[in-house]
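Chemist: One structure, as structure tokens, below. Some questions next.
The values are calculated or read from the model by the stated rules, or taken from the named source; none is laboratory data. Everything numeric here is computed off the predicted structure, so don't read it as measured data. Using ideal geometry, Cβ is built from the backbone for each residue, glycine included, and neighbour counts are taken over all protein chains shown. Surface accessibility is based on the protein's heavy atoms, side chains included, excluding ligands, DNA and RNA. Shrake-Rupley method; radii C 1.70, N 1.55, O 1.52, S 1.80 Å.
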Amino acid sequence: MTVSLICGDDGSDRVAIVMAEGLENVLALTPAQARALATDLITAVNRAEVKASLKTSPNMWRRGGNAPTRPVEVPTCSGESRPRLAAAG
């Protein structure tokens, strides 16, 4: 597959996508159409990558309810004597 910029019959630029040899395998798009196609392609690729990573993610076992609890360490700041948030009265 090759992607190139060509001049259309009306003098405007087109993005040509050639799938194989021969004119019937050429897709000529306006820049707006090419941008929409690229956006849709990137979106689909991102969804596929997220779906694949969720299948193998170690965080997925948390959904089953069998997750062992891990202690959470709360960072402390030395020298800070006042509370950071105002108390509601």
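Chemist: All but one of (1) exposed (fewer than 10 other Cβ atoms within 10 Å of the Cβ); (2) of a type in the set (A, V, I, L, M, F, W, C); (3) part of a helix (DSSP H, G or I) hold for V45, so report the exception by its number.
Modeler: Just one mismatch for V45, condition (1).
Chemist: Is it fair to say R70 is among the basic types (K, R) and either at pLDDT 90 or above or open to solvent by less than 80 Å² (accessible area, probe 1.4 Å) (or both)? It would help to see each step written out before you state the result.
Modeler: Working: among the basic types (K, R): yes; either at pLDDT 90 or above or open to solvent by less than 80 Å² (accessible area, probe 1.4 Å) (or both): no.
So R70 fails the test.
Chemist: Next question. List, please: which pairs have Cβ atoms under 6 Å, are six or more places apart or on different chains, and start with a residue in segment 1-17 that is under 17 Å from R35 (Cα atoms) and end with one that is small (G, A, S) and open to solvent by less than 50 Å² (accessible area, probe 1.4 Å)?
Modeler: S4/A16; I6/A16; R14/G8; V15/A34
Chemist: Testing D40 on (1) exposed (fewer than 10 other Cβ atoms within 10 Å of the Cβ); (2) modelled with pLDDT of 95 or more, one condition comes back false. Which one is that?
Modeler: That leaves (1) as the condition not met.
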